[in-house]
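To keep things clear, I will list the structure first and then write my remarks on it.
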Amino acid sequence: MKLQVYTTIFGIKFIIDMEVIKGDIEGLLIFKPKVFSDERGYFFESYSNKVFNSNDIGDINFVQDNQAYSKPGVIRGLHFQNPPCGQGKLVRVVKGRVLDVAVDIRSGSPTYGKYQMVELSASNGLQFWIPEGFAHGYVSIEESIFQYKCTNFYAPGYDVTIKFDDPDIGIDWGVTNPIVSEKDVMGLSFKDFISKF
């Protein structure tokens, strides 16, 4: 779906073109911004509240931006926060390339335990919307800088990790000998996890 939204900058009316792609799992969205390039470089609008909130996903208010640098082979995840501190995330890559993963952890969902993987890179400019009720992780294929906007503040007491290599989820991260934090190695197994979503 191609979305056209009008915005006014310095009194001039512009059309913002952004392609919005529905994910394989209900609730997930991929945003592909229009990039304007010439011999000087490029320009694109990396976030527009008008565009984002015109997709029947509710009135989203982002309260925190995060950035992470990762070496090649680093896996981060699978992370989420339990209610009432759940987080929706709009994620993108500003340097390098990652494979980004969202796992459906909404109890009663027909796709519970299923995941979608999307390649995000500085060159493709894609952004992945992951609402509450999904565990999130990614693997850095190249040296990468990863940015994401959150709908809720970090709340350590509600932070949960599911094992990145859980066999019941079965994510093929595509790397051997991944670099993983102790927290992520010690994550919950999916069969022992009880969803609060």
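The values are calculated or read from the model by the stated rules, or taken from the named source; none is laboratory data. Since this is a predicted model, take the numbers as computed values, not measurements. Every residue, glycine as well, gets a Cβ built from its backbone with ideal geometry; the counts of neighbours run over all protein chains shown. Surface areas here come from the heavy atoms of the whole protein model, side chains and all, with no ligands, DNA or RNA. Shrake-Rupley method; radii C 1.70, N 1.55, O 1.52, S 1.80 Å.
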If you take the residues of region 53-111 that are of a type in the set (Gly, Ala, Ser) and without any contact (Cβ under 8 Å) to a residue 24 or more places away in the chain, which of them is surrounded by the fewest Cβ atoms within 10 Å (Cβ to Cβ)?
108
Go through (1) within 15 Å of the chain's Cα centre (by Cα); (2) under 26 Å from residue 156 (Cα atoms); (3) buried (at least 16 other Cβ atoms within 10 Å of the Cβ) for residue 31 and report which single condition fails.
(2)
Counted residues in region 40-97 being in a loop (DSSP other than H, G, I, E, B), in contact with a Pro (Cβ under 9 Å, 6 or more places away or on another chain) and over 25 Å from residue 26 (Cβ atoms) come to 5
Please go through region 59-95 and give me each residue that is aromatic (Phe, Trp, Tyr) and under 12 Å from the mean Cα position of the chain (by Cα), ordered by number.
80
Take residue 144 and decide whether it is in contact (Cβ under 8 Å) with a residue 40 or more places away in the chain, open to solvent by less than 60 Å² (accessible area, probe 1.4 Å), closer than 30 Å to residue 36 by Cβ and not aliphatic (A, V, I, L, M).
yes
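Residue check: is residue 168 over 11 Å from residue 81 (Cα atoms), among the acidic types (Asp, Glu), surrounded by fewer than 17 Cβ atoms within 10 Å (Cβ to Cβ) and free of Cβ contacts under 8 Å to residues at least 12 places away in the same chain? If you could, list the steps in order and put the result at the bottom.
Working: over 11 Å from residue 81 (Cα atoms): yes; among the acidic types (Asp, Glu): yes; surrounded by fewer than 17 Cβ atoms within 10 Å (Cβ to Cβ): yes; free of Cβ contacts under 8 Å to residues at least 12 places away in the same chain: no.
Spelling it out, it is not the case that residue 168 is over 11 Å from residue 81 (Cα atoms), among the acidic types (Asp, Glu), surrounded by fewer than 17 Cβ atoms within 10 Å (Cβ to Cβ) and free of Cβ contacts under 8 Å to residues at least 12 places away in the same chain.
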